[in-house]
Amino acid sequence: MSSYKEIVTKAVIGKGKKLFTTNNTVKVSNHPSTILGCWVINHNFRGEKLGDQITISGSYDVNIWYSYDNDTKTDVVKEVNHYQEVVHMRNRNDDVGGEDIIVRSLKQPTCSNVEIDGDEIHYTIEKELGIELVGDVKVKIEANEEEDPWDEIVDDTNSPDSTSDDIDQELQDDFIEENTI
């Protein structure tokens with residue numbers, strides 16, 4: 001006979017990822033000649049759910065290394081960028097409670113394009129974020145209430161003690177014959 005039981009557990013009820021692209025401009029004091037490098041560090045973020053929207057707030061530091069004065073001198077411009085991204089997600093199951101938000105960086109912010117325009121540097125940042133909604137759900141399972149049969153436990157006759165007893169019983173006293181020459 002079987003019956004059904006309900007288990008309350010945490011489960012992923014919504015999951016998605018999104019690529020975000022941001023165009024930024026920074027003004028520099030020197031007229032840049034060449035962009036030597038652009039890197040993004042210190043990415044921090046967190047997510048919050050309001051209705052069916054997920055708001056992700058975060059920041060990262062951008063460092064742009066450039067040359068100026070006909071490529072004879074270099075400088076680094078540093079900028080902290082704050083962002084707020086809004087994502088619409090739907091639940092896979094409407095009958096849930098106790099929702100938590102898990103946000104992961106699937107692709108760290110990177111600089112995909114940098115251009116010089118007079119005393120300004122235009123740069124593009126790309127990042128990919130993954131969002132999971134975790135909530136309390138009820139799961140119904142079939143429970144078999146029939147008791148499993150008990151297995152019979154048989155003593156092992158090949159235990160170390162019984163083996164030495166068997167050897168002693170099979171030992172023949174006249175095993176060694178004397179050879180006379």
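The values are calculated or read from the model by the stated rules, or taken from the named source; none is laboratory data. In this text the structure is predicted, and so the values were computed from the model without any measurement. Positions of Cβ are generated from backbone atoms using ideal geometry, with glycine treated the same way; all protein chains shown enter the neighbour counts.
Table for the structure above
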read-out: Flag for E79 being under 28 Å from G135 (Cβ atoms) and assigned to a strand (DSSP E or B); value: no
read-out: Conditions (1) under 23 Å from the mean Cα position of the chain (by Cα); (2) more than 30 Å from K10 (Cβ to Cβ); number of the one not met by V103; value: (2)
read-out: From D136, D151, residue being over 30 Å from H43 (Cβ atoms), touching a Gly at 6+ places or on another chain (Cβ under 7 Å) and modelled with pLDDT of 80 or more; value: D136
read-out: Scope the stretch 106-127; condition surrounded by fewer than 15 Cβ atoms within 10 Å (Cβ to Cβ) and not β-branched (V, I, T); matching residues; value: L106, K107, Q108, S112, N113, E115, D117, G118, D119, E120, H122
read-out: The stretch 50-64 - residue that is surrounded by fewer than 16 Cβ atoms within 10 Å (Cβ to Cβ) and touching a residue at least 24 places away in the same chain (Cβ under 8 Å) and, of those, farthest from G130 (Cα to Cα); value: N63
read-out: Residue within the stretch 38-54 that is within 27 Å of K10 (Cβ to Cβ), at pLDDT below 95 and in a loop (DSSP other than H, G, I, E, B) present; value: yes
read-out: Test: residue in the stretch 59-73 that is charged (D, E, K, R), part of a strand (DSSP E or B) and touching a Leu at 6+ places or on another chain (Cβ under 9 Å); value: no
read-out: Filtered residues of the stretch 77-105 (kept if surrounded by 13 or more Cβ atoms within 10 Å (Cβ to Cβ) and either among the hydroxyl-bearing types (S, T, Y) or modelled with pLDDT of 90 or more (or both)); value: V77, E79, N81, Y83, E85, V87, I101, V103, S105
read-out: The listed residue being under 23 Å from the mean Cα position of the chain (by Cα) and of a type outside the set (S, T, Y), out of I35, I56; value: I56
read-out: Filter pass, E99 being part of a strand (DSSP E or B), acidic (D, E) and under 30 Å from K138 (Cα atoms); value: yes
